[in-house]
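Working notes, structure below.
None of the figures in this text is laboratory data; all of them are computed from the coordinates on show. Everything numeric here is computed off the predicted structure, so don't read it as measured data. Here Cβ is always computed from backbone atoms with ideal geometry, including for glycine, and neighbour counts include all displayed protein chains.
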Amino acid sequence: MIRYDLTAPLQGTELVAMYRKDFDVDVGRLYTFIPELNGFQLHYDHDVVVPATEMRADDDARFYLQVHGQNPTGRGCMADIDFQLVQRDEINWG
């Protein structure tokens with residue numbers, strides 16, 4: 001079942017990626033898929049863009065749907081975001 005389509009992104013849902021190697025040292029590296037760039041942009045350095053094909057081929061990368069509006073009354077901005085693990089075969093890579 002396709003949960004995210006890179007050729008037709010859903011409103012209110014973003015595809016993000018994180019590398020497993022970063023979990024031990026820095027949980028802040030989040031790459032967001034940007035359709036216009038056809039790649040994943042690092043959230044704190046917009047000059048860093050990893051092509052979608054490269055991210056897909058990297059076994060260390062994990063993909064998540066970042067869904068907003070899960071807890072609008074929660075304290076803090078992160079309380080309103082849900083991260084749902086997505087397998088590679090659940091993404092239409094185009």
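Points to keep in mind about this one:
- The distance between label points at Asp45 and Ile81 comes to 1.9 nm (points 7 Å beyond Cα on the Cα→Cβ vector).
- From phi via Karplus (6.51, -1.76, 1.60), per-residue ³J(HN,Hα) for the stretch 6-21 in Hz, x at Gly/Pro: 5, 7, 8, x, 7, 6, x, 10, 10, 9, 10, 9, 9, 8, 4, 4
- Stretchable slack from Arg20 to Thr32, in nm (0.36 nm times residue separation minus alpha-carbon distance): 2.8 nm
- The label point for Asp59 and the one for Thr7, both projected 7 Å from the Cα toward the Cβ, are 2.9 nm apart.
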